[in-house]
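This report concerns only the one structure given below.
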Amino acid sequence: MPVNMPTHAHGQGYSDLNFLIPELAGDLHYKKGPYYADEGDFSTAGTARIGLVSEAPASVTLGYGEDGYRRTLALGSTALAGGTLLGAAENLPQ
């Protein structure tokens, strides 16, 4: 999913990855350097490609921390129509 496009609200070189659930990130590939034509308009300082996991065991996680931090995560996958359906939901109340 392209995050850093000219038509995106944060498209002028600033990526907003707040929507990314860390447990779904499987790998990270980055390129450091001045420009990569295959990466698009905003690759002047480098690029990062985040690969997502395709399967995950069913789980529910509750987290608590300082200053009233709370987090709930539900995660799981199942076989469906010859593929895998992965689902995740995260709640970070303010």
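Quick check on the range 49-58. Is at least one of its residues assigned to a strand (DSSP E or B), more than 15 Å from the chain's Cα centre (by Cα) and not basic (Lys, Arg)? No, every residue in the range 49-58 fails to be assigned to a strand (DSSP E or B), more than 15 Å from the chain's Cα centre (by Cα) and not basic (Lys, Arg).
Filtering the range 54-73 to residues that are over 17 Å from Leu85 (Cα atoms) and surrounded by fewer than 10 Cβ atoms within 10 Å (Cβ to Cβ) leaves Leu62, Tyr64, Gly65, Glu66, Asp67, Gly68. Would you mind telling me which numbered condition in (1) on the phi > 0 side of the Ramachandran plot; (2) at pLDDT 85 or above Leu80 fails? Looking at each condition in turn, Leu80 falls short on (1). The residues listed here are Gly26, Gly87; of these, the one that is part of a strand (DSSP E or B), surrounded by 12 or more Cβ atoms within 10 Å (Cβ to Cβ), at pLDDT 90 or above and touching a strand residue (DSSP E or B) at 6+ places or on another chain (Cβ under 9 Å) is Gly26. Selection of first residues in the range 66-93 that are more than 17 Å from Glu55 (Cβ to Cβ) and in contact (Cβ under 8 Å) with a residue 24 or more places away in the chain and of second residues that are part of a strand (DSSP E or B) and polar (S, T, N, Q), restricted to Cβ pairs under 9 Å at least 6 apart or on distinct chains, gives the following pairs, ordered by first then second residue: Glu90/Thr72.
Within the range 61-94, the residues that satisfy the criterion of being among the β-branched types (Val, Ile, Thr) and in contact with a Leu (Cβ under 7 Å, 6 or more places away or on another chain) are Thr61, Thr72, Thr78.
The values are calculated or read from the model by the stated rules, or taken from the named source; none is laboratory data. Keep in mind that what you see is a predicted model, and the values were worked out from it rather than measured. In this analysis, Cβ positions are derived from the backbone assuming ideal geometry, glycine residues included, and neighbour counts consider all displayed protein chains.
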